[in-house]
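Take a look at the structure set out below.
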Amino acid sequence: MNFSTIIAQESIKQRLRQQLITGQIPHAQLFCGPDGCGKLPMALAFAKALLCQNPKNGEACEECRSCKMLHHWEHPDLHFIYPIKKTQATPLCKSYLPAWREELTRSPYLDSVRWNEAMQVENQQPCIYVADADAISETLYLAAQQGGYRVVIIWKAEVLMEQAANKLLKILEEPPAHTVFLLITSNPNNILPTILSRTQRIQFNALTPAELTQVLTEVHGLSSEDALPIARSSSGSYIQAVRQLQVNEEREMFFDMFVQLMRKCYLRDIREMHRWSELVAEWGRTKQKDFLQYCQHLIRENFIFNFHQPELNYMSKKERDFSVRFSPFINEKNVINIMNELSLAERDIAQNVNARMVFFDFALKMIVLLIQK
Ligand SMILES: [Zn+2]
């Protein structure tokens, strides 16, 4: 991870490299901009170059001891503050540090969806609590300094709780020597004006469709024909583009599994149906639920397909081609029952019923339901 692996944002890279070369580094900077444009990767690359023992032209060398430690973001002078869920009396983000480092190593293009998943947060808005502001203050003022810079990255500064924000303000007002704060936010309006006034702001723009297309073709190996629609509908976010890519891949796989099952049911090949359900049973529960929802979508679309109103159909070309032959099997006699079976299966999966049984059971019922005409 260094400046060259960050997508676009060339003028910001240039500005930060210049700071590194001249050594004129503001003690607190605010990286502002929409999700998925590369603020956190930029902060990490900057921190790495700052901590590197042998930087060249404002880039980390990737070889010194410090750079090696930063391969997995473990460095005594790099501190992170990020939102966490409230589980104990004094929640500290330190307790999520292994998960945090793992997510950064997977991809520094991190958003709250992935971070919340990693922390297993469902119906809660994670926050930055005062305990973390206290902890960082203690570390910065009391711990012996090793020489060189110390970097504090505060990710999602907009969710600082009030007390935490006030504490942080005190640190920013009397900054310890050789300490660089990088605050990251997509929503500066939710940050205390007194904190904002203590930081130098760097504004990031959303990525352009051309920039996203380039990374989708060069890094992800898509054709430009496939890349362009994804680039256009990702709101300038690399994170959204990757997510769409995964959804597309998963959807194709779901389609194949659905077609396989329908063929096996039609042929009444019980042995193969059993093998099919064993395969699906190996997936995680979330994927199984997504698959069952996809099946409901496809059944509904096939039922509608019979009415020859293409403007009401939402299917890919591949799905539509399949519907030409499959849709007659989905009709007034069976559509409600099939949908019911699918939603029952979904409920069972949510309640942790043995997945192999749920899917095999559904497959067996489909034998009967498919011949109701
Ligand atoms: Zn280095």
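Odds and ends about this structure:
- Every pair of residues 6+ apart whose Cβ atoms lie under 7 Å, when the first sits in the range 40-59 and is among the acidic types (Asp, Glu) while the second is more than 9 Å from the ligand (Cβ to nearest atom) and in a helix (DSSP H, G or I): GLU59/PHE3
- Filtered residues of the range 179-203 (kept if of a type outside the set (S, T, N, Q), surrounded by fewer than 16 Cβ atoms within 10 Å (Cβ to Cβ) and part of a loop (DSSP other than H, G, I, E, B)): LEU192
- Test for TYR238: is it aromatic (Phe, Trp, Tyr) and over 26 Å from LYS333 (Cβ atoms): yes
- Of all residues making up the range 204-249, the number that are part of a loop (DSSP other than H, G, I, E, B) and farther than 17 Å from LEU110 by Cα: 7
- Candidates ALA177, ALA206, ALA281, ALA227, filtered to the one that is touching a Cys at 6+ places or on another chain (Cβ under 7 Å) and in contact (Cβ under 8 Å) with a residue 12 or more places away in the chain: ALA206
Coordinate-derived values only; no laboratory data. Given the structure is predicted, the values throughout are model-derived calculations rather than measurements. FYI the Cβ positions are ideal-geometry reconstructions off the backbone, even for glycines, and counts take in every protein chain you see.
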